[in-house]
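The values are calculated or read from the model by the stated rules, or taken from the named source; none is laboratory data. Nothing here was measured: the structure is a model prediction, and the numbers come from that model. We place every Cβ from the backbone using ideal geometry, glycine too, and count neighbours over all the protein chains shown.
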Amino acid sequence: MGIILLVVLAVVLVYFVMVYNGLVSIKNNVSMAWANIDVLLKQRHDELPKLVDTCRQYMKYEQDTLEKVIQARSRVSDARESQNVAALGAAEGALRAGLGNLFAVAESYPDLKANESFLQLQSRISGLENAIADRREFYNDSVNINNVRIEQFPDLIVARMLNFKAFDLLRFTSEELKDVDISQRFNA
């Protein structure tokens, strides 16, 4: 009887260790996904002042558009540094809208559109935007896996015992989900 009890206890202990290791792995995947987003946001953060400075040389009457990009950049930076996922989602929406307006307004400035520095920065930032979108998807997948796993029985027992927490999804704001009508920018 004592041997059976030891075997059952050993099986339970091995299972506990396997669940714990799986939860740690998933939690670290979420952290890695966030770090990947953070790197890309930092790269974009560093490129935006160059873009604004290049545009400022040509777009004398578009200071409002440039200021909105600068303010949105600052909000993204603050949310990124504080790792506030909810604030980051909203700030990202404002920055994307500001960049969309900036690129649309740039269409009215032929000299700017022909500027090699502007074209390189526009291409670099567009590439970073695509990479950020990919990493957001990976982050949300990782968060979903973590959140489901810590709620499933019997893993939730280990998760609660060892204080594993759910993470917030990086959500799109309702503004980001709307269709963008830029035709008015070309009719001005």
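Wholly within the stretch 85-174, which helices (runs of 4 or more DSSP H) include no fewer than the required count, namely at least 2 residues that are at pLDDT 85 or above?
Numbers: elements: 85-106, 110-114, 116-149, 155-161.
Of the helices (runs of 4 or more DSSP H) lying wholly inside the stretch 85-174, those with at least 2 residues that are at pLDDT 85 or above span 85-106, 116-149, 155-161.
Evaluating A33 against the criteria (1) crowded, with 18+ Cβ neighbours inside 10 Å; (2) farther than 30 Å from Q152 by Cβ; (3) touching a Lys or Arg at 6+ places or on another chain (Cβ under 9 Å) leaves one unmet condition, (2). Inspect the stretch 63-73 for any residue being of a type in the set (A, V, I, L, M, F, W, C), modelled with pLDDT of 85 or more and under 30 Å from A166 (Cβ atoms) and give the result as yes or no. Checking the stretch 63-73: at least one residue is of a type in the set (A, V, I, L, M, F, W, C), modelled with pLDDT of 85 or more and under 30 Å from A166 (Cβ atoms).
The residue that is nearest to the chain's Cα centre (by Cα), among those in the stretch 124-157 that are among the charged types (D, E, K, R) and under 14 Å from L40 (Cα atoms), is R136. For the stretch 61-72, the criterion of being aromatic (F, W, Y) and surrounded by 14 or more Cβ atoms within 10 Å (Cβ to Cβ) is satisfied by no residue at all.
Residues that are among the basic types (K, R), within 17 Å of A106 (Cα to Cα), assigned to a helix (DSSP H, G or I) and out of contact with any Ser or Thr (no Cβ under 8 Å at 6 or more places or on another chain) within the stretch 28-79 comprise R56, K68, listed in sequence order.
On the given criteria, is N21 exposed (fewer than 12 other Cβ atoms within 10 Å of the Cβ), assigned to a helix (DSSP H, G or I), free of Cβ contacts under 8 Å to residues at least 12 places away in the same chain and not hydrophobic (A, V, I, L, M, F, W, C)? Judged against the criteria, N21 is a match.
Could you please let me know if S77 is of a type in the set (S, T, N, Q) and under 30 Å from V158 (Cβ atoms)? The answer is no for S77. Taking the criterion of being among the β-branched types (V, I, T) and either more than 15 Å from R96 (Cα to Cα) or within 13 Å of the chain's Cα centre (by Cα) (or both), the residues of the stretch 60-85 that qualify are V76, V85. Taking every residue in the stretch 125-137 that is touching a residue at least 40 places away in the same chain (Cβ under 8 Å) and pairing it with any residue that is β-branched (V, I, T) and surrounded by 12 or more Cβ atoms within 10 Å (Cβ to Cβ), at least 6 positions away or on another chain, the pairs with Cβ-Cβ distances below 7 Å are I132/I37; R135/I37; R136/I37.
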